[in-house]
Structure formats: structure tokens, C-alpha cells
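Written below as C-alpha cells is the structure these notes are about.
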């Protein structure tokens, strides 16, 4: 899990640092602010939304992947631990609600 966690954290941290830099830039240079965007459709608005969606979209995809893969790994472990008893139980039970 650490092999996945560290790169995910690095990507999230990098994007959030860029967003924080943009906010700090806006405070220091109000004439060239990035946030809040000066107008709808400006490059500042597009950049902000792209970074925002990158963070949350990236994490949403990972979360869905974890919820899709975890039951498969867990079922293998349960079958190793409980053998035929678990196989019989699994036949009568749905994987997801």
C-alpha cells in the first residue's frame, strides 16, 4: 500500500501547493491575481478549476478503485482462512448490496 500511498500523496501535495501559491500570489499582486478569477472564462478560472478537479477527480478515481478491488483481495483471504465453508457462504450472498 505504501507504493501507492506515497505517489498519490506527492501528486495531491504538488497540486495543493500550486493552488496555495496562486492564492499567495493573489494577495501579493492583486492586479495580477489568480484567485478569485477576474472574470468568467479567464485563464485564472480555467487553471483553478483544472487544479481543483485534478485533486478531487484523481482521489475519486482512486477511492472507487479501492472499493472495487478490496472485496476481491478480501475474498481470496477468506477462502484461504475458511475454505469450503466460505465458498458455500459466498454462493448464497451477494458481493455488493
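Using C-alpha pairs below 8 Å separated by at least 6 residues, the relative contact order for the chain is 15 percent. Taking the helices alone, the chain has a mean residue ellipticity at 222 nm of -27500 deg cm²/dmol, built from -39,500 (n - 2.57) per DSSP H run of at least 4 residues and averaged over all its residues. When the Debye formula is applied to the Cα atoms of the chain, each taken as the same point scatterer, what base-10 log of I(q)/I(0) results at q = 0.12, 0.19, 0.20, 0.24 Å⁻¹? Scattering profile of the chain, log10 relative to I(0): -0.60, -0.94, -0.99, -1.16.
No value in this document is a laboratory result; all are computed from the given coordinates. All values reported here derive from a predicted model rather than from experimental measurement.
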